[in-house]
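Here the structure is laid out as structure tokens; the discussion comes afterwards.
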Amino acid sequence: MASSRRKKRSRRDTGYRAALVSARGLITVLMYLLIIIFVIYLGRTAYLFGYDIFNETSVTEAPGEDVTVLIPKDSSAREIGQILNDKGLIEDVNVFVVQELISNYHDELLGGTYILNTSQTPTEMMAILARVNTEGQMEQEDEAAEESGDEN
């Protein structure tokens, strides 16, 4: 009688151990699947962000719509990007910030009143905001002249 109890207990223990091993294996497989899905999502997101940075597109096709924009003096690239986004000139502030960072216009965007168009790319807008391209723009007071005038 005691030996039959041991056999039953042994069979139960064996079944329990097999179920435990199966559950651990399933959990391990699920963890690997979650990691793979996360890596794929992260890679896709990074690719799309990079694509948006280097594949500059305008918000609308030409001729677009002219928009008057007031950029406060000493605005950061993020603040300028937020203004442009609010006016419907760009689609993503973070993309604009990185585009400004890697552009020839890094730290050269100046405050003032500008006429921008929804058919312009971010680089074309940055050229205007840096006053490299002043075609069709209102006359702006030179900030360097203002600063030197304030010191006297």
_Looking only at residues that are in a helix (DSSP H, G or I), at pLDDT below 95 and not hydrophobic (A, V, I, L, M, F, W, C) in the range 46-62, which one is surrounded by the fewest Cβ atoms within 10 Å (Cβ to Cβ)?_
Y51
*Matching residues, the range 91-113, being surrounded by 14 or more Cβ atoms within 10 Å (Cβ to Cβ) and within 12 Å of the chain's Cα centre (by Cα)*: E91, D92, V93, V95, F96, V97, V98, Q99
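In this structure, does T45 turn out to be among the polar types (S, T, N, Q), in contact (Cβ under 8 Å) with a residue 60 or more places away in the chain and more than 20 Å from M138 (Cβ to Cβ)?
Working: among the polar types (S, T, N, Q): yes; in contact (Cβ under 8 Å) with a residue 60 or more places away in the chain: no; more than 20 Å from M138 (Cβ to Cβ): yes.
No.
Search the range 68-119 for residues being among the hydroxyl-bearing types (S, T, Y) and assigned to a loop (DSSP other than H, G, I, E, B), and hand back the single one that is nearest to T134 (Cα to Cα).
Step one: list which residues in the range 68-119 are among the hydroxyl-bearing types (S, T, Y), which gives 68, 75-76, 103, 105, 113-114, 118-119.
Within this subset, residues satisfying the condition of being assigned to a loop (DSSP other than H, G, I, E, B) are 75-76, 103, 105, 118-119.
Values: S75: 19, S76: 21, S103: 18, Y105: 14, T118: 17, S119: 17 Å.
In this case the residue turns out to be Y105.
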_Subset tally (residues that are within 22 Å of I102 (Cα to Cα) and over 20 Å from the mean Cα position of the chain (by Cα)) for the range 44-71_ = 1
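Can you tell me which residue is farthest from the chain's Cα centre (by Cα) among those in the range 120-130 that are outside any helix (DSSP H, G or I) and buried (at least 17 other Cβ atoms within 10 Å of the Cβ)? Working first, answer last.
Going through the range 120-130, the residues outside any helix (DSSP H, G or I) turn out to be 120-121, 130.
The next check asks that each one be buried (at least 17 other Cβ atoms within 10 Å of the Cβ); those that pass are 120, 130.
Working: Q120: 20, A130: 23 Å.
Only one residue fits best here, namely A130.
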*Applying the selection to the range 52-93, what residues are among the hydroxyl-bearing types (S, T, Y) and closer than 25 Å to D107 by Cβ?*
T57, S58, T68, S75, S76
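The values are calculated or read from the model by the stated rules, or taken from the named source; none is laboratory data. Note that this is a predicted model, so its numbers are computed, not measured. FYI the Cβ positions are ideal-geometry reconstructions off the backbone, even for glycines, and counts take in every protein chain you see.
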